[in-house]
Amino acid sequence: MFSVEVCLSQPSRLIQTALGAVEIACLGEGPTVLSVHGGPGGCDQGLLMALPLLQAGFRVIAPSRPGYLGTPLSSGVHLEEQADLLAALLDALELPSVGVVGASAGGPPAYLLASRHPDRVQSLVVIDGVTQAYHKGEQLSAWEEAIFLSRPGIGLMDWLGRHFPGTVVSNLLKTESSLSPEALQERVSEVMHSPDKLAFVQAMMRTMSDRFQQRHEGVRNDLKQLAAISQLDLTAIRCPTLILHGEADRDVLPEDARWAHGQIEAAELHWIPGGSHLAFWIAPDAAEAQAHAVAVLQKAAEPCADLSDGRADLPS
């Protein structure tokens, strides 16, 4: 049975590709999905965010993006380079094509993989992904930077999450959503009364705080690269595409989802009502959004499902 603890404890390994080294962690059996994490993050977060897919019967390959954990920043500084690196990873693993899921700061590399290497992506699911200039790093106050971009600050948030979870859930949703005070209080209560959703929030904090020094270079690079985006040109994407976005996301604004939807032919845009930046996992309608993502990935993978079965050379 897959759980948050299984995701966080799964060993990783380093894969040498034609464009540089990539750390990956893998779990599951079935059609293969590449899970591209946000920031701060790493391959552990990639597995965690794909937990609903693991439980639905997918095999998940979760790379650490450049600058995170075991993947050196030199493997791909720019977003286009990160997309090409993901294609090189598929080459190294001898995977012709896969489903791709990207979240938040992992959205641009996922989008660009589908745009630059269309034959490698069976279907694309993007959750609250960035598509336009992201300046939040420049807008942080000194206090917010000390909390969210420093080892002591992130460590404190993790400790509070373990011992005073209600405070952390409340502060996280306040920061990541535009919910009214009444709706925020109701959402916090719901998460606190759901063991699975609370465990996800606590685990997500761990994927940002554990080994923070090994994630810090990736965070800084993300903020620089995302701020340099004007608007991603996504018109070349032709694979089945599902864009999921929380209506009340205050981190990556809903306009980013609208831009992608307008750029990608036949893309489907699914709003998560009253959803924060973590809506796909903890909103009241999270299960519906997850089922929708599973259906899109399964439908595209059906003709190719046997490609991921019985491969001795794929890490497990």
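In the stretch 219-244, of all residues being over 15 Å from Val100 (Cα atoms) and among the β-branched types (Val, Ile, Thr), the one that is farthest from the chain's Cα centre (by Cα) corresponds to Thr235. Kindly establish whether Ser104 is over 24 Å from Ala301 (Cβ atoms) and either touching a Ser or Thr at 6+ places or on another chain (Cβ under 9 Å) or of a type in the set (Gly, Ala, Ser) (or both). In short, no. Give the residue that is nearest to Gly39 (Cα to Cα), with candidates limited to residues of the stretch 225-241 that are modelled with pLDDT of 95 or more and loosely packed, with under 12 Cβ neighbours inside 10 Å. Applying the filter and picking the extreme gives Ala228.
When you check Met204 against the structure, is it in contact with a helix residue (DSSP H, G or I) (Cβ under 6 Å, 6 or more places away or on another chain) and either buried (at least 16 other Cβ atoms within 10 Å of the Cβ) or among the hydroxyl-bearing types (Ser, Thr, Tyr) (or both), yes or no? In short, no. Annotation: Gln213 fulfils all but one of (1) closer than 16 Å to Ala105 by Cβ; (2) touching a helix residue (DSSP H, G or I) at 6+ places or on another chain (Cβ under 7 Å); the unmet one is (1).
Of all residues in the stretch 61-74, at least one satisfies being closer than 21 Å to Val296 by Cα and of a type outside the set (Lys, Arg). Applying the condition of being assigned to a loop (DSSP other than H, G, I, E, B) and small (Gly, Ala, Ser) to the stretch 11-51 and asking which residue is nearest to Gln122 (Cα to Cα) yields Gly30. Considering the conditions (1) crowded, with 19+ Cβ neighbours inside 10 Å; (2) in contact (Cβ under 8 Å) with a residue 60 or more places away in the chain; (3) in a helix (DSSP H, G or I), Leu8 is excluded by exactly one of them, (1).
Taking (1) among the polar types (S, T, N, Q); (2) surrounded by fewer than 19 Cβ atoms within 10 Å (Cβ to Cβ); (3) over 28 Å from Ser276 (Cα atoms) in turn, Ser75 satisfies each apart from (2). Tell me, please, whether a residue that is modelled with pLDDT of 95 or more, in a loop (DSSP other than H, G, I, E, B) and either more than 16 Å from Val294 (Cα to Cα) or in contact with a strand residue (DSSP E or B) (Cβ under 6 Å, 6 or more places away or on another chain) (or both) can be found in the stretch 52-61. Yes, the stretch 52-61 contains a residue that is modelled with pLDDT of 95 or more, in a loop (DSSP other than H, G, I, E, B) and either more than 16 Å from Val294 (Cα to Cα) or in contact with a strand residue (DSSP E or B) (Cβ under 6 Å, 6 or more places away or on another chain) (or both).
For every residue, the table says whether it meets (1) under 23 Å from Ile237 (Cα atoms); (2) surrounded by 24 or more Cβ atoms within 10 Å (Cβ to Cβ); (3) out of contact with any helix residue (DSSP H, G or I) (no Cβ under 8 Å at 6 or more places or on another chain); (4) among the small types (Gly, Ala, Ser).
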{"site": "Gly30", "(1), (2), (3), (4)": "no, no, no, yes"}
{"site": "Met49", "(1), (2), (3), (4)": "no, yes, no, no"}
{"site": "Pro52", "(1), (2), (3), (4)": "no, no, no, no"}
{"site": "Val60", "(1), (2), (3), (4)": "yes, yes, no, no"}
{"site": "Leu90", "(1), (2), (3), (4)": "yes, no, no, no"}
{"site": "Ser97", "(1), (2), (3), (4)": "yes, no, no, yes"}
{"site": "Val100", "(1), (2), (3), (4)": "yes, yes, no, no"}
{"site": "Ala103", "(1), (2), (3), (4)": "yes, yes, no, yes"}
{"site": "Leu112", "(1), (2), (3), (4)": "yes, yes, no, no"}
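Being modelled with pLDDT of 95 or more, on the phi < 0 side of the Ramachandran plot and crowded, with 24+ Cβ neighbours inside 10 Å is the requirement here; does Pro108 meet it? Please lay out each step first, then the result.
Working: modelled with pLDDT of 95 or more: yes; on the phi < 0 side of the Ramachandran plot: yes; crowded, with 24+ Cβ neighbours inside 10 Å: yes.
The answer is yes for Pro108.
Looking across Glu81, Glu144, one residue alone is of a type in the set (D, E, K, R), out of contact with any Leu (no Cβ under 7 Å at 6 or more places or on another chain), modelled with pLDDT under 95 and outside any loop (DSSP other than H, G, I, E, B). It is Glu144.
The values are calculated or read from the model by the stated rules, or taken from the named source; none is laboratory data. The shown structure was predicted, so the numbers you read here are calculated from the model rather than taken from an experiment. Heads up, the Cβs are rebuilt from the backbone with ideal geometry, glycines too, and the neighbour counts pull from every protein chain shown.
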